[in-house]
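First the structure, in the form of structure tokens, and then the observations on it.
The values are calculated or read from the model by the stated rules, or taken from the named source; none is laboratory data. The shown structure was predicted, so the numbers you read here are calculated from the model rather than taken from an experiment. Cβ: placed from backbone, ideal geometry, glycine included. Neighbour counts: every protein chain shown.
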Amino acid sequence: MKPGIPAARLLCLAGLFTLSAPAWAIDCKKASSAVEKLICSDRNTVSADAELNRAYNAVLKQAPGGDIRAMLVDSQKRWVAARGRALDTLIGTPDALPDEKSAGEILRELIRNRTAELKETGKGASLPAIIGRAISQQKFQSQFTGGAHAGYWTSCDVLPRDYRNYACFAIRHYQNNDRVCTVDESWASGRVYTNRYVANIVDGKPKVVASCSFSSEDEACSDTEGKAKWNWKPEQPDYVYSAKPLPKIDGEIHDSDDFEWARACLADAAYPPAQ
């Protein structure tokens, strides 16, 4: 995999950020799309959709600030869009259906899984996990200056083959003064791939000075015991950074594992260390 953002991914992400349809429960009297009609064709699915709406509204009421509330609204719109894409595929291409499941059964499972995600709380926590992660992100970022290049570039989808799992992956840019440290995470062929980039702001734009990469089976980027394998001459130094401001938080992204590395990268102008 090459660093940078593929054109198809850019188009997909652009669509996510421009979604404006409200993410409320389906009104079956006004159902028009194939997905809406599928929901309304089964009372168990209608009931599941109503429970999802209640869970979503309950989470919104617990948002401790406008930024987190806006993040929750955007994340639910994103999920509705991903659900629609997946069901359009299954309705339009019956051969894509897993042998043991109908499109309606998969839809109910997606809705119930999403409801469980919104209701999830961490051990000993009073707030939903999606809010807790956003608060943790805000707390971590408050240690640094931030900047125009900081933020989350997130892509979410219902994963194919079984179409039961909804997952989000993100490029995370952390900035402190003229240093930008990036974690670029993606999923392909059942494996998570991660690239890290260290960049300095030159003439107002990040310029990559070092990179490394790893997958679930290759810890080449590990900073333990001096084993990190940094490339000081990246093959593609003109890594693509967003030209528009990015969201500063995303509670659907599990990024606490970034924090130790990002802190070291942002605080030390000489990072990564010479090898």
Q) Which of the following residues is modelled with pLDDT of 90 or more, buried (at least 19 other Cβ atoms within 10 Å of the Cβ), not aromatic (Phe, Trp, Tyr) and not assigned by TED's automatic domain parsing to the domain that holds Lys77: Ile201, Ile171? A) Ile171
Q: Considering each residue of the stretch 250-275, count those that are touching a Lys or Arg at 6+ places or on another chain (Cβ under 7 Å), assigned to a helix (DSSP H, G or I) and of a type in the set (Asp, Glu), and give that number.
A: 1
(Q) Just to confirm my filter: which helices (runs of 4 or more DSSP H) fall fully inside the stretch 1-103 and include at least 3 residues that are basic (Lys, Arg), over 26 Å from Arg172 (Cβ atoms) and at pLDDT 90 or above? (A) 43-61
Q: Tell me which residues, restricted to the stretch 114-134, are surrounded by fewer than 16 Cβ atoms within 10 Å (Cβ to Cβ) and more than 16 Å from Ala50 (Cβ to Cβ).
A: Glu120, Thr121, Gly122, Lys123, Gly124, Ala125, Ser126
Q: Those residues that are part of a strand (DSSP E or B), over 12 Å from the mean Cα position of the chain (by Cα) and of a type outside the set (Phe, Trp, Tyr), I need them from the stretch 159-182; list them, please.
A: His173, Gln175, Asn176, Arg179, Val180, Cys181, Thr182
Q: Starting from the stretch 116-144, take each residue that is charged (D, E, K, R) and list its partners that are in a loop (DSSP other than H, G, I, E, B), counting only C-beta distances under 6 angstrom and pairs at least six apart or across chains.
A: Arg133/Gly251
